[in-house]
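Worksheet: the structure to be examined is printed underneath.
Please treat every number below as a calculation from the coordinates, not as lab data. Given the structure is predicted, the values throughout are model-derived calculations rather than measurements. Backbone-built Cβ (ideal geometry, glycine too); neighbour counts: all protein chains shown.
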Amino acid sequence: ARAKMMELIEAPNVTYDDVGGLDSQIQEIRETVELPLTRPELFSSIGIEPPRGVLLYGLPGTGKTLLAKAVAHHARATFIHMSGSELVHKFIGEGAQLVRDIFQMARDKAPSIVFIDEIDAVGSIRTHDGTTGSAEVNRTMMQLLAEMDGFRERGDVKIIAATNRIDILDPALLRPGRFDRIIEIPMPNEVARLKILEIHTKKMKLAGDVDLSSIAKQTEGASGAELKAIAVEAGMNAIRREATVVTMEDFRQAVKKVLGEEEKADESLR
Ligand code: ATP
């Protein structure tokens, strides 16, 4: 959500091991995005069209961007990240041209993955309701659809789009043939939360009393991004105490700070 309009990474250094609790989603995206990039001959020899792209949907902070970067890493592809909302809100009047430029760059730097964050900002039903700017947003969307339809033959550019609001997406984007798969990225359950905590504490010096399973149990409703924030905050607590290891008490306070404040923020909205 905090992404810049565009960011290009040659081959991101995120791997599937950095993604916790999304095993079946990783499996699905490997088949639809990684395999066509690394083994295109499998598709041509069997005689089917390789998939062109997938849509990931799920709540903020569940790892959609992380997963897209991991795919690019394993496919040794250039990762081009564009933000749908910035395309619409910051580059008014230039959206369609920017989409064209980004896909041109993707072809120049192929094999590549174009990751479109917050695609709902460009392709939402609400942008077609006649409010100001909607004609411009429409042009951006038309350009995006044209690019998606256009790379049927260019096997080495894949698209991964992400949204938190699949409910407001323009049906034109969900039509068969646009995205080959629509993959839900769920909030982590307890097992997944433990995996995510293990990933983010791997390099931390933990005291003997730290029980990650119990933290996973107590963090129902936390996203991957929040679990990472808890690990960082626990580390900060240890630094504040000038301690050399992070204790269970550091984690307890971190959980309270990261998840407790969120509840307060929610209340103030009511
Ligand atoms: P948004 O919709 O807000 O853009 P997102 O789904 O793209 O969110 P990410 O940006 O991938 O979420 O997550 C933010 C950070 O949270 C990641 O860089 C990572 O450190 C951590 N994180 C989120 N989900 C996971 C996960 N499943 N495993 C490990 N870390 C995770």
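Take every Cα pair under 8 Å in the stretch 33-131 that's 6+ residues apart, average their separations, divide by the length, and report that relative contact order as a whole percent.
In percent, rounded to a whole number, it is 29.
Rounded to the nearest 5, what % of the DSSP beta bridges within the stretch 1-129 are antiparallel ones?
So the antiparallel bridges amount to about 40 percent of the total.
Going through the stretch 1-53, which trypsin sites (Lys or Arg not before Pro) have at most 13 other Cβ atoms within 10 Å and a DSSP loop state? All intermediate terms of the calculation are to be shown ahead of the outcome.
Values: sites: ARG2, LYS4, ARG30, ARG52; in loops: ARG2, LYS4, ARG52.
Hits after loop and neighbour filter: ARG2, LYS4.
If we count GluC sites (Glu not before Pro) as exposed when they sit in a DSSP loop and have at most 16 other beta carbons within 10 Å, what is the longest stretch of the chain that avoids them all?
11-93
Using modelled backbone amide H atoms (1.01 Å from N, in-plane), which distant-in-sequence or interchain residues come within less than 5 Å of PHE115's amide H?
Here the answer is ILE80, HIS81, MET82, ILE160, since their amide H atoms fall under 5 Å of that of PHE115.
ILE182: net charge of surrounding residues, Cβ under 12 Å, Lys/Arg +1, Asp/Glu -1, itself excluded? Intermediate results must be reported in sequence, preceding the final value.
Values: positive: ARG175, ARG178, ARG181; negative: GLU28, ASP180, GLU184.
Net charge in that neighbourhood comes out at 0.
Peptides 163-170, 204-211: what's the order by average Cβ count within 10 Å, highest mean first?
The packing order, highest mean first, is 163-170, 204-211.
If I model a spin label as a point 7 Å beyond the Cα along the Cα-Cβ vector, how far apart are those points for ILE166 and ARG76 in nm?
3.3
Could you list, in their original order, any pairs among LYS90/LYS228; LYS69/LYS217; LYS158/LYS257; LYS90/LYS256; LYS69/LYS256 whose Cα atoms are separated by more than 32 Å? Mind showing how you got there, number by number?
Values: LYS90/LYS228 29 Å; LYS69/LYS217 28 Å; LYS158/LYS257 40 Å; LYS90/LYS256 36 Å; LYS69/LYS256 30 Å.
Listed pairs above 32 Å: LYS158/LYS257; LYS90/LYS256.
Calculate the radius of gyration of the Cα atoms of the stretch 85-237 to one decimal place, then report Dmax, the largest Cα-Cα distance, as a whole number, both in Å.
My reading of the Cα-based Rg and Dmax gives 20.2, 60 Å.
With the contact rule set at Cα under 8 Å and sequence spacing of 6 or more, what percent relative contact order holds for the chain? List each step's numbers first, then the result.
Details: 451 pairs, mean separation 60.8, N = 270.
This gives 23 percent for the chain.
Out of all DSSP beta bridges in the chain, what portion is antiparallel? Express it as a percent rounded to 5. Please list the in-between numbers first.
Numbers: 5 of 27 bridges.
In the chain, approximately 20 percent of DSSP beta bridges are antiparallel ones.
Give me the one-decimal nm value for the distance between modelled label points at LEU59 and LYS203, 7 Å along each residue's Cα-to-Cβ direction.
Result: 2.8 nm between the two label points.
Pull out the extension gain between GLU7 and ASP101, defined as 0.36 nm times the separation in residues minus the alpha carbon to alpha carbon distance; nm, one decimal. Mind showing how you got there, number by number?
Values: separation 94, 0.36 × 94 = 33.84 nm, distance 1.30 nm.
Length gained between GLU7 and ASP101: 32.5 nm.
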